[in-house]
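In what follows, a structure is listed as structure tokens, so that the remarks can point back to it.
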């Protein structure tokens, strides 16, 4: 550790502020300078949509720490409205513009940390600069949006982008009394999710009155005579609104790094090693501006999430202070809530596995209640578990439901981190009392269903071949359930009558069995398999059918 | 696997019913007979307190499966009101009393499964059989309690026993409009918890109007002239009530096993091996009647919980069907909710470690919010993490708060199962959005605090020696916080003034530092330690002080 080392940090939001504080805890002597071109450091950027929605009323709550606090508590020199214009790697200096005075200075560094974040993508669509079209990144941005809402009282809004932030924005604008239309280029909302899991979210959004335009992109914006905006799409539709929010993702802020000749990765982020060092050994980079490795696929990814950014910041500070520390990538655990629904995921999706060329995996679906059905308020969690077919290693999970969703995904994220198999999930011993869960928790059920497959107790039918005609489709629900909606072409024999009616089933054809959620079908598979039939379970049952083959 | 094996199962609630259904899934040919002396099988015994409290209105909801359903779906021969009187191990038969006809028959078995459960303890106290004194085990028990409540409209109740079920009962009786007194022999409620963690629960119970009598036992009961009950205690107090509920624990039902000469363990439960076999290789035992190994301490324990019972049932069925399966013990993960509070724990407590003679452990306390403070509705979770001092292995955790408590304990239970260390907890990547958590989740914080200790970045002060006078006590909170309540004898220097006032601190004495919850004290420890002071953090700060040294 150098005595009197001078560390300069560029960007003072999540990663930069965390890194600065950690540096001070490790090195009381170091000189630490934190530069940010904005007016604030350490603000709660994840809270901005809720500030716009007025769930958070008080702007001051978003300021987690002030320059004064940094000075008093940590003896850190924080300079806001100071923009770093360039890096001179030879001289080990950065050129800094004081936005208030307009003066430029050079700051020497022994170690430089880049934490510039990522900027909202703002395509050069016609009319994009019309008043009333917003992006959301900073407190001033959100203050502008609040003022627009409070002075103009807009009744209709368009959100461009149906990802996590877009849907959070949609909810918050609806909370402000607006009729919201969401336009998303992909054919589903929440593109990180597998399409059938996103379908649950789509259904809820539609049920809550959100207008969804999927598989279509914005062509441009115009202003009408009365000052309203018209958003026109590539498919030729147009939507009037008094307010538009762009939430089509973010792009790493790499300008400084690029100008300085630091290596940029193929996904467009600053490339770092596991110590968060860039291609210059005296320059570190952290947060949304860097590419990190996906822990499961090993692929470089942009994962702009606060949790990994914090860990990166701590590890960078450790390394700068001479410690042996590594950041070993991220799982991409994420959660999003809107309109009474929680959607969360961790680890690999089928999409990400396909992209990485992985084929050694298997999927199960289930719909367990968040707590025992006999306790008031039970509701299903729709859960998709992905595991390695060859050894049962848990690879990923996606879940959607009214509540207690993050809890199950957190357990599964921990399981994935610790390299648990589906057999471990069978044994996981989780909190149970009637209002909290079930003796067989959702996570246990997922493990049991997957383990049943791996032990050969049941085989899964390939949902994607449902309409191929190759199998005999058997529905083992009760007749009233079957009548209320069933897979076309399926034959109904309730589970309780199966032993008696076995002779009605073919022995020369695979029998693909469904029930409501998969459990009775599993029982039926076991019964019939032991009588010599060739059976497969349609995992997740009719519930899963409705999202794989949605009525549109 | 024997063809046409005959399996007899004694006891048809959680374990027995699960075992029977699993047996059928594995062996379509076996003859499976499920005997229960009560009128129902497969009922929701964990739901009974809520049926008494009328949160669950409909008794039928508690019946998870009927004998008819077992027959139709699983081809299982269920006989209720059939009591097994004895086992003839030589002849491989059980003698069964049909309680309705009074006739006795012998049933042959190839494999016998004992799942008799555990009975509420009912000491021979004077007056224990007076009307109005209840124990809760079955649907008829709870029906009787409901009738008592609905016909007599009691205003005061005494619950004997302040454990998990006792507190659930207290809440449900309060929900029925009763003023409730809880009498507990131990000096704390919830005896499985460490005392200081139970103190949070005590405070909440008192705040909610529950009268608590701790460290005192029941001496006996009398009836007054107007029909009310008087409960007198060993310390000489007496409490009038129109209703008394005994919740002082359960005792394994081992009579049958004992009579048959099966081995009974030192804790009074049926002794089984890891395949759930008793000392007779043709007899299995599962559920609340057996002793199981604590996964962490390796000690035999009685862990009457539904989750482990279910796993035992599945494993026993697997082994009976010729599979290689083992039950490897339990962590004792449990949760309980009452009066707006959730209390949960997993793994070892300090109590259980002391009992097992383990000294290689360390404790940290923290009080993180369930989600970021700036999002409305934030409240603290009081968390105690226990880990192995020599290598950081996570050993146990206890948590208390208004919500999102089970989620953190579930994550920690999974971590313990997977042999995670506190260093793994630092890296755990959990769901974060403002309404769901924090970029540094409570679990991450616990890991970081513990890892800081193991890396030598901070030492912990021994709370139990606080009053020994050996250390200089320093409180680094702001003056207004200090004035509102502080550790007696502590000196107040706010963190922000510490660098300036350092010369006021002793260099020849350990400085034990507290703040509100531990974070500022950690910063202070780091500052002072780097300036050559000998510092220790009072883990959990003043918040923890208030439960370790409660004002009584």
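The values are calculated or read from the model by the stated rules, or taken from the named source; none is laboratory data. Given the structure is predicted, the values throughout are model-derived calculations rather than measurements. Note that we place each Cβ from the backbone using ideal geometry, even for glycine, and neighbour counts take in every protein chain shown.
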* Structure fact -> Considering residues that are under 20 Å from residue A:247 (Cβ atoms) and in contact with a strand residue (DSSP E or B) (Cβ under 7 Å, 6 or more places away or on another chain), the number found within the stretch A:295-331 is 5
* **Unique match (being free of Cβ contacts under 8 Å to residues at least 24 places away in the same chain and either assigned by TED's automatic domain parsing to the domain that holds residue B:313 or in contact with a helix residue (DSSP H, G or I) (Cβ under 9 Å, 6 or more places away or on another chain) (or both)) among B:150, B:171, B:104** => B:104
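Residues are listed down the side, and each one gets a yes or a no for (1) touching a residue at least 12 places away in the same chain (Cβ under 8 Å); (2) within 30 Å of residue B:61 (Cβ to Cβ); (3) surrounded by 14 or more Cβ atoms within 10 Å (Cβ to Cβ):
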position: B:94; (1), (2), (3): yes, no, yes
position: B:99; (1), (2), (3): yes, yes, yes
position: B:115; (1), (2), (3): yes, yes, yes
position: B:123; (1), (2), (3): yes, no, no
position: B:134; (1), (2), (3): yes, yes, yes
position: B:139; (1), (2), (3): yes, yes, yes
position: B:177; (1), (2), (3): yes, yes, no
position: B:194; (1), (2), (3): yes, no, yes
* From (1) at pLDDT below 95; (2) buried (at least 22 other Cβ atoms within 10 Å of the Cβ); (3) more than 28 Å from the chain's Cα centre (by Cα), pick out the condition that doesn't hold for residue B:68. => (2)
* To do: Keeping to the stretch B:42-58, report how many residues are facing chain A (nearest Cβ under 9 Å) and part of a loop (DSSP other than H, G, I, E, B).
  => 5
* Which one is nearest to residue B:9 (Cα to Cα) among residues in the stretch B:263-285 that are assigned to a loop (DSSP other than H, G, I, E, B) and in contact (Cβ under 8 Å) with a residue 60 or more places away in the chain? -> B:282
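For the stretch B:152-163, which residues satisfy the criterion of being crowded, with 24+ Cβ neighbours inside 10 Å and within 19 Å of residue B:204 (Cβ to Cβ)?
The answer is B:157, B:159, B:161, B:162.
Do we find that residue B:458 is in contact (Cβ under 8 Å) with a residue 24 or more places away in the chain, within 30 Å of residue A:287 (Cα to Cα) and out of contact with any helix residue (DSSP H, G or I) (no Cβ under 8 Å at 6 or more places or on another chain) in this structure? Show your work before the answer.
Numbers: in contact (Cβ under 8 Å) with a residue 24 or more places away in the chain: yes; within 30 Å of residue A:287 (Cα to Cα): yes; out of contact with any helix residue (DSSP H, G or I) (no Cβ under 8 Å at 6 or more places or on another chain): no.
Taking the combined requirement at face value, the residue does not satisfy it.
Can you tell me how many residues in the stretch B:276-293 are more than 23 Å from residue B:91 (Cα to Cα) and surrounded by fewer than 20 Cβ atoms within 10 Å (Cβ to Cβ)?
Initial filter on the stretch B:276-293 (more than 23 Å from residue B:91 (Cα to Cα)): B:287-293.
Filter once more, so that each one left must be surrounded by fewer than 20 Cβ atoms within 10 Å (Cβ to Cβ): B:293.
Final tally of qualifying residues: 1.
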* Tally of residues being more than 7 Å from every other protein chain (Cβ to nearest Cβ) and on the phi < 0 side of the Ramachandran plot across the stretch B:419-434 -> 5
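Only strands (runs of 3 or more DSSP E) wholly contained in the stretch B:160-255 count here; list those with 3 or more residues that are closer than 27 Å to residue B:289 by Cβ.
Numbers: elements: B:179-184, B:211-214, B:218-223, B:229-233, B:238-241, B:243-246, B:250-252.
Counting at least 3 such residues, we get B:243-246, B:250-252.
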* To do: Restricting attention to strands (runs of 3 or more DSSP E) lying wholly within the stretch B:317-411, give those where 2 or more residues are touching a helix residue (DSSP H, G or I) at 6+ places or on another chain (Cβ under 9 Å) and away from chain A (no Cβ under 11 Å).
  => B:362-366, B:381-387, B:394-401
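Restrict the check to the stretch B:544-552 and report whether at least one residue is within 14 Å of another protein chain (Cβ to nearest Cβ) and closer than 20 Å to residue B:470 by Cβ. Let's see the steps before the verdict.
Just the residues of the stretch B:544-552 that are within 14 Å of another protein chain (Cβ to nearest Cβ), to begin with: none.
The answer is no; no qualifying residue exists.
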* Structure fact -> Reported set for the stretch B:435-451 where residues are surrounded by fewer than 24 Cβ atoms within 10 Å (Cβ to Cβ) and facing chain A (nearest Cβ under 7 Å) is B:435, B:439, B:440
* Asked: Only one of (1) within 32 Å of the chain's Cα centre (by Cα); (2) surrounded by 14 or more Cβ atoms within 10 Å (Cβ to Cβ); (3) within 12 Å of chain A (Cβ to nearest Cβ) fails for residue B:78. Which number is that?
  -> (3)
* Does residue B:56 satisfy the criteria of being in the same structural domain as residue B:83 (by TED's automatic domain parsing), in contact with a strand residue (DSSP E or B) (Cβ under 6 Å, 6 or more places away or on another chain) and buried (at least 20 other Cβ atoms within 10 Å of the Cβ)? -> no
* Structure fact -> Of A:467, A:534, A:492, the only residue that is free of Cβ contacts under 8 Å to residues at least 40 places away in the same chain, surrounded by fewer than 20 Cβ atoms within 10 Å (Cβ to Cβ), out of contact with any strand residue (DSSP E or B) (no Cβ under 7 Å at 6 or more places or on another chain) and outside the structural domain of residue A:424 (by TED's automatic domain parsing) is A:467
* Asked: Do the conditions hold for residue B:437, that is, is it in contact with a helix residue (DSSP H, G or I) (Cβ under 6 Å, 6 or more places away or on another chain) and touching a residue at least 12 places away in the same chain (Cβ under 8 Å)?
  -> no
